[in-house]
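Below: one structure, written as structure tokens.
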Amino acid sequence: MPDLPLKPERNRRFSLVDGMVFVAGLAVAFWAFTEPLLQAWRVPPPPDSMGFQPFLGWLDSFGYTLMVVGLGGLSLAGVPLLLRDRARRPPSIWGPGKTLWFASGTAAWLLWPPVVYQKLSGGNGKDVTAVCYFYGTPLMALYMVLALWAGRSLRRRKRRRRVLGWQERFGLILGLAWACTGLYLLSMFYRIDLFRR
């Protein structure tokens, strides 16, 4: 039996069900990571080893945690939405936006079950998977965006201009936000490891 031909993406409007999945994803994220958020809010970051006052100190702790939790909730919603559309319509090629959204959402779906289990069982909130998620996912997004850019998937092609659906556009924005978070994290690592005295 021959494979079905891949068709270009059909533009589908944002629906009420999509909005409900977004709200559910954000609710799960903020519920699962309440303890890290409260801990980051209560404990201000200390001055670094170079004698600086913390550069945007609030961002170093609470702001970064809030950013990762919010982006994680939006990413969590992407997997069911993208798989639902994939099952309903003929196969289509995913662009870089949907690919970035699905990859970050898969990271949440694979790493959050132990976090939820610890939350339900009254654990101490020090989960290895949560640490991997907070540091690994932003860096993964940065690597993916750089790879897509180097492979010319993120560059505009003048000959083949097409209208992007909301999922593709949202995935691009979300992927770039994750990549900016990863760039901030990478700069923090460089600052700690290369410029400490």
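Observations, loosely collected:
- Test: residue 147 is within 18 Å of the chain's Cα centre (by Cα), at pLDDT 90 or above and part of a helix (DSSP H, G or I): yes
- Contacts under 7 angstrom Cβ, first residue in the range 159-176 being under 26 Å from residue 139 (Cα atoms) and surrounded by 16 or more Cβ atoms within 10 Å (Cβ to Cβ), partner at pLDDT below 90 and among the β-branched types (Val, Ile, Thr), 6 or more apart: none
- In the range 37-54 there is no residue that is buried (at least 17 other Cβ atoms within 10 Å of the Cβ), at pLDDT below 75 and closer than 23 Å to residue 106 by Cα.
- In this entry, residue 75 is excluded by the filter for residues that are among the polar types (S, T, N, Q) and modelled with pLDDT under 90.
The values are calculated or read from the model by the stated rules, or taken from the named source; none is laboratory data. Because the structure is a prediction, the values reported are computed rather than measured. Note that we place each Cβ from the backbone using ideal geometry, even for glycine, and neighbour counts take in every protein chain shown.
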